Amino acid sequence: MPQCPVVVHDARLVRFLFHFLLMIMLSALAGAAWVAHRPAPIKLSEAAKAGAKPRDLVDELKQAAIKGSGTVEIHEGELNRHLSRVLTGRVAPALGQSVKFDRLNVDFEPEVAHVTLLWSVLGHASTATVDLKVDRLEKVFRVEVVGGAYGHLAVPRGFLRPLAPALRGLSDALHDEIQALFQMNEVTFAQNKLVLDPRFP
């Protein structure tokens, strides 16, 4: 009998610790959801010069691959304007008018391309970013996902798996661009631009 109060006391302590840890976990999840819900800042590309004719990037890359001429540089502003012209987003009919694809934005840094999908959900802007690296192994290019983010919440690449269907859809929609891109001998991500070289060493 004398041990019963001690047992009750221990049970209360265990229950208190369990509720305390549960509250911490729920707070962390709520904080992560809030951070992920905030759209990432998108660097605005400078507008094209008035009256300037947009580059036909696919044809330019095909011609460079045939001629084997010097390097071709594509600034991220030119690429983002091209993507806004050629991409149109579709969402599942079940989502109706509540979800709308906005655009795709690419931001280049040395060795890494940040590819951000922007869409609106009930009028609220949302973003998801995938960080990509490109390596060449003999005759084959390998595109590797090295990380990314939902909104402001940075996540490891394994957490980006829900974006796989959207990325597959993008690769299908940009089939001609991707084919022309990988006709190059070297593909390099540099600061604010993509540098391509069709020449063999």
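The values are calculated or read from the model by the stated rules, or taken from the named source; none is laboratory data. Remember, it's a predicted structure, so these values are computed and weren't measured experimentally. Using ideal geometry, Cβ is built from the backbone for each residue, glycine included, and neighbour counts are taken over all protein chains shown. Quick note on the areas: whole protein, heavy atoms, side chains included, nothing else; ligands and nucleic acids left out. Shrake-Rupley method; radii C 1.70, N 1.55, O 1.52, S 1.80 Å.
So which residues in the range 183-192 are open to solvent by less than 50 Å² (accessible area, probe 1.4 Å) and of a type outside the set (F, W, Y), if there are any at all?
Of everything in the range 183-192, those that are open to solvent by less than 50 Å² (accessible area, probe 1.4 Å) and of a type outside the set (F, W, Y) turn out to be M184, N185, V187, A190.
Condition first: surrounded by fewer than 17 Cβ atoms within 10 Å (Cβ to Cβ) and either at pLDDT 80 or above or not in a loop (DSSP other than H, G, I, E, B) (or both). Now tell me which residues in the range 82-102 satisfy that.
In the first step, residues of the range 82-102 are kept if they are surrounded by fewer than 17 Cβ atoms within 10 Å (Cβ to Cβ); the result is 84-88, 90-102.
S84, R85, V86, L87, P93, A94, L95, V99, K100, F101, D102 - these are the residues of the range 82-102 that are surrounded by fewer than 17 Cβ atoms within 10 Å (Cβ to Cβ) and either at pLDDT 80 or above or not in a loop (DSSP other than H, G, I, E, B) (or both).
Quick one: in the range 103-138, which of the residues that are open to solvent by less than 50 Å² (accessible area, probe 1.4 Å) and among the acidic types (D, E) is farthest from A149 (Cα to Cα)?
D107
Of V146, V130, V115, which residue is at pLDDT 90 or above, out of contact with any Ser or Thr (no Cβ under 9 Å at 6 or more places or on another chain) and of a type in the set (A, V, I, L, M)?
V146
Would you be able to say whether some residue in the range 66-73 is of a type in the set (A, V, I, L, M, F, W, C) and in contact with a helix residue (DSSP H, G or I) (Cβ under 7 Å, 6 or more places away or on another chain)?
Step one: list which residues in the range 66-73 are of a type in the set (A, V, I, L, M, F, W, C), which gives 66, 72.
Pick out the ones that are also in contact with a helix residue (DSSP H, G or I) (Cβ under 7 Å, 6 or more places away or on another chain) and you get 72.
Within the range 66-73 (the criterion being of a type in the set (A, V, I, L, M, F, W, C) and in contact with a helix residue (DSSP H, G or I) (Cβ under 7 Å, 6 or more places away or on another chain)), the answer is yes, since at least one residue qualifies.
Please list, ordered by first then second residue, the pairs with beta carbon atoms under 7 Å, 6 or more apart or interchain, first in the range 159-178 and under 22 Å from A149 (Cβ atoms), second surrounded by fewer than 17 Cβ atoms within 10 Å (Cβ to Cβ).
That search, which allows pairs on different chains as well, returns S171/I178.
Of the residues G68, G51, which is loosely packed, with under 10 Cβ neighbours inside 10 Å, modelled with pLDDT under 90 and at positive phi?
It is G51.
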